[in-house]
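Here is the structure we will look at, set down as structure tokens.
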Amino acid sequence: MTITVKDVAKRAGVATSTVSRVINDHHSISPATKKKVRKVMEEMGYVPNKTAQNLGKGSANAIGVILPPFDSKERLGNPFYLEIIEAINEEAHKHGMATAIASARDFDHLLLNVKQMHLQRQVDGFILLYSDRSDPIVDYLTKHKIRFTLVGQPYRHEEKISYVDNDNQLLGKHATDYLIRNGHKRILFISNTTEEILYFERYFGYQKALMLAGLDVFPAVTLLGPEDYMHFGDHLKETKATAVVVIDDIFALRIIQLAELHHYKVPDDLSLISFNNSIFATLTHPYLTSVDVAIPDLGRHGIQALIKQLKEPDQPSAGLRVVVPHQLVERETVLDINEKKD
């Protein structure tokens, strides 16, 4: 049997409106009445309907976390999202807020989820955990003046959006510089995405490092389907590459498998560096040399920026940018070929 406000009011001998005001801790109700009603609520096991409360207050006291479309096994299994969600939940809890997840297989269904969460007032604002040029959601949030922050650099509306990110161009440059310092001159950049802005930024950084060093710059090797995988060995032979920069850790494991399939051993024949410093970096041998992007800090700063917008609605917040520093973690997948020359 479900206990209602009317049941509590009848037992306490007060009006239903009084019970509602007690639930919302309204100042018009005396401390004595609040104490009496709350005691009855406890005795009867009444649990207030938070959704109804929030609709009445015009606040959901919750944040929507928008994940990218999980259209591949690599993206679905990427530990980046689990790690950043954990940090977001922890930070939101500190501010007394809950989180709700929006996810889908494609952008059309993801947009429907976001619209539903907004129109039903399930959340007060959103945090997006990706930046994709095909994304319709940023346009929807911007058009309807819905508060949100972005983890990543925006493709458009940059002057209107608050976002938290690493300097991904600098990440790409640092990773490539590290390979150059270890004697590598023929270096490839490998990715399994061409839509996310971090791909462009990291590839730009790769290009910059090679150009400044006076070395050859190669077109990005994008492996998007079975045919691309079949030609991976051809890329290595044609370019005579001795090292690769890979878009993230989980895809780096696939590249190591592909390299071995084509009789290249990492790092003896092919050095490799990737990004995220995820749990995958130390799950298999050789351990991955990887750039740590401080995933928990990205989540925490993203939530803090959003909560500031929600608590200070009259203050300008658009265009706020927070840059989270990174760190290169040396492990086993990069061979110093300078030693071979000595």
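Residues to consider are 72, 20; find the one that is open to solvent by less than 90 Å² (accessible area, probe 1.4 Å), under 30 Å from residue 196 (Cβ atoms) and at pLDDT below 90.
72
Just to be sure I understand the filter: pairs with C-beta atoms under 7 Å, separated by 6 or more residues or on different chains, first member in the stretch 152-177 and farther than 20 Å from residue 84 by Cβ and open to solvent by 60 Å² or more (accessible area, probe 1.4 Å), second member in a helix (DSSP H, G or I) and of a type in the set (S, T, N, Q). Which pairs pass?
Taking only residues 6 or more apart or on different chains, the pairs are 160/142.
Tally the residues that are modelled with pLDDT under 95 and not small (Gly, Ala, Ser), restricting the search to the stretch 124-135.
The qualifying residues number 5.
Within the bounds of the stretch 41-48, is there any residue that is at pLDDT 90 or above and farther than 30 Å from residue 249 by Cβ?
No: zero hits.
Tally the residues that are among the acidic types (Asp, Glu), under 18 Å from the mean Cα position of the chain (by Cα) and not in a strand (DSSP E or B), restricting the search to the stretch 130-157.
Qualifying residue count for the region: 1.
Working carefully through the options 105, 75, find the one that is in contact (Cβ under 8 Å) with a residue 12 or more places away in the chain, farther than 19 Å from residue 161 by Cα and among the basic types (Lys, Arg).
105
Taking the criterion of being among the hydroxyl-bearing types (Ser, Thr, Tyr) and in a loop (DSSP other than H, G, I, E, B), would at least one residue in the stretch 224-242 satisfy it?
Looking through the stretch 224-242, at least one residue is among the hydroxyl-bearing types (Ser, Thr, Tyr) and in a loop (DSSP other than H, G, I, E, B).
Filter the stretch 236-295 for residues that are open to solvent by less than 20 Å² (accessible area, probe 1.4 Å) and of a type in the set (Phe, Trp, Tyr); which is modelled with the lowest pLDDT?
Among those that are open to solvent by less than 20 Å² (accessible area, probe 1.4 Å) and of a type in the set (Phe, Trp, Tyr), it is 251.
I want to confirm something. Restricting to the stretch 151-174 and keeping residues that are in contact with a Phe, Trp or Tyr (Cβ under 7 Å, 6 or more places away or on another chain) and small (Gly, Ala, Ser), which single residue is nearest to residue 273 (Cα to Cα)?
Once the filter is applied, the top-ranked residue is 172.
Consider only pairs whose beta carbons are under 9 Å apart and that are at least six residues apart or on different chains; among these, list those whose first residue lies in the stretch 306-331 and is more than 27 Å from residue 278 (Cα to Cα) and part of a loop (DSSP other than H, G, I, E, B) and whose second residue is open to solvent by 70 Å² or more (accessible area, probe 1.4 Å) and modelled with pLDDT under 95.
Final answer for the pair search is 315/308; 317/308; 318/159; 318/160; 319/158; 319/159; 319/160; 320/308.
Output the qualifying pairs, or none if there are none: Cβ atoms under 9 angstrom, residues six or more apart or on different chains, first residue in the stretch 188-202 and under 18 Å from residue 243 (Cβ atoms) and modelled with pLDDT of 90 or more, second residue hydroxyl-bearing (Ser, Thr, Tyr) and open to solvent by 10 Å² or more (accessible area, probe 1.4 Å).
Between residues of the stretch 188-202 that are under 18 Å from residue 243 (Cβ atoms) and modelled with pLDDT of 90 or more and residues that are hydroxyl-bearing (Ser, Thr, Tyr) and open to solvent by 10 Å² or more (accessible area, probe 1.4 Å), the close pairs are 188/239; 189/203; 190/222; 191/199; 191/203; 191/222.
Just checking, does the stretch 298-319 include any residue being more than 27 Å from the chain's Cα centre (by Cα) and open to solvent by less than 50 Å² (accessible area, probe 1.4 Å)?
Scanning the stretch 298-319 turns up no residue that is more than 27 Å from the chain's Cα centre (by Cα) and open to solvent by less than 50 Å² (accessible area, probe 1.4 Å).
The values are calculated or read from the model by the stated rules, or taken from the named source; none is laboratory data. The structure presented is a predicted model; accordingly, all values stated were derived computationally and were not measured. Cβ sites come from the backbone with ideal geometry, for glycine too, and all protein chains shown count toward neighbours. We work out accessible area using only protein heavy atoms, side chains counted, and drop any ligands, DNA or RNA first. Shrake-Rupley method; radii C 1.70, N 1.55, O 1.52, S 1.80 Å.
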